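The values are calculated or read from the model by the stated rules, or taken from the named source; none is laboratory data. Keep in mind it's a predicted model, so treat the numbers as computed, not measured. In this analysis, Cβ positions are derived from the backbone assuming ideal geometry, glycine residues included, and neighbour counts consider all displayed protein chains. What goes into the accessible areas is simple: the full protein's heavy atoms, side chains included, and nothing from ligands, DNA or RNA. Shrake-Rupley method; radii C 1.70, N 1.55, O 1.52, S 1.80 Å.
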Amino acid sequence: VEDTSLKTMDEIFAAATKAGSTATSVKIKFTDCVVTGVKSSNAYLTDANGTKGLIIFASGHGFEVGDKLNGKVDCKVQLYNGSTELTELTSTTTGLTVTKDGTVTPQTISIANLSGVNTGAVISFSKLSYDGTNFTDGTNSLQPYNTFMTLPTFDKAKKYNITGVFIQYKTTKEIAPRTNADIEEIEVPSNHRLAVGELIENLEAVYPSDATHY
């Protein structure tokens, strides 16, 4: 019998795009997918490579962070605000094997290259600025979101190394840190900025005040 189950994230994404906002029945084969975050009825999932993912939406789904999913299941797929969403799937769904201690290596992807296919993946960013609302790499924005923890107050005078679960909501790109360890402040070195007095001293060293200039 031919196996018609969706075996890759790309196949699941294609089915979600075709379904649009109408939940459509599908058969999916999970291979070492890992739950990266859980919030209420949402569970965020990434593939074995850690670069692509989706949302599982079901009341009482029973998934926990670190669950590793394997097996073949029947569920429904749809596109929800730019991300792929599976419904009618829980930790006890027939055909699904759930084991513990799954790990995910944070991936490095530029903000510009992130999209709905990355929802659920754990992404790491370096030296982002904060403009009062969003993190920015100077061109592209990434909104901090308190999905999994209460966020600290960010400082415009500092830069940040940020790791978290990526979530695409419509056209907004969001990063959801999981613990305080996902947020690293970087002080802006004061020696990168010369005080006015230092500038004057440096100029006088080159152009002494008693020198004659022509």
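Overview of values
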| read-out | value |
| --- | --- |
| Qualifying residues in the stretch 168-177 (those that are in a strand (DSSP E or B) and either open to solvent by 10 Å² or more (accessible area, probe 1.4 Å) or in contact with a Lys or Arg (Cβ under 7 Å, 6 or more places away or on another chain) (or both)) - the one nearest to Asp47 (Cα to Cα) | Gln168 |
| Residues that are farther than 15 Å from Ala23 by Cα and open to solvent by 20 Å² or more (accessible area, probe 1.4 Å), drawn from the stretch 49-70 | Asn49, Thr51, Lys52, Ser59, Gly60, Gly62, Glu64, Val65, Lys68, Asn70 |
| Enumerated strands (runs of 3 or more DSSP E) restricted to the stretch 45-145, each holding at least 3 residues that are farther than 20 Å from Ile162 by Cβ and without any contact (Cβ under 8 Å) to a residue 40 or more places away in the chain | 96-99 |
| Qualifying residue in the stretch 179-187 (condition: surrounded by 11 or more Cβ atoms within 10 Å (Cβ to Cβ), within 14 Å of the chain's Cα centre (by Cα) and either farther than 24 Å from Asn81 by Cβ or modelled with pLDDT under 90 (or both)) | yes |
| Residues that are open to solvent by 30 Å² or more (accessible area, probe 1.4 Å), of a type outside the set (S, T, N, Q) and at pLDDT 95 or above, drawn from the stretch 86-110 | Glu88, Gly95, Val98, Lys100, Val104, Pro106, Ile109 |
| Search result, residues across the stretch 14-46 that are buried (at least 21 other Cβ atoms within 10 Å of the Cβ) and closer than 12 Å to Gly102 by Cβ | Phe30, Cys33, Val34, Val35, Thr36, Leu45, Thr46 |
| Residue match in the stretch 155-167 (condition: of a type in the set (Asp, Glu) and touching a Ser or Thr at 6+ places or on another chain (Cβ under 9 Å)) | no |
| Test: Asn113 is open to solvent by 60 Å² or more (accessible area, probe 1.4 Å) and within 16 Å of the chain's Cα centre (by Cα) | yes |
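To keep it simple, each residue is scored yes or no on (1) open to solvent by 70 Å² or more (accessible area, probe 1.4 Å); (2) more than 10 Å from the chain's Cα centre (by Cα).
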site: Asn134; (1), (2): no, yes
site: Thr139; (1), (2): yes, yes
site: Phe154; (1), (2): no, yes
site: Phe166; (1), (2): no, no
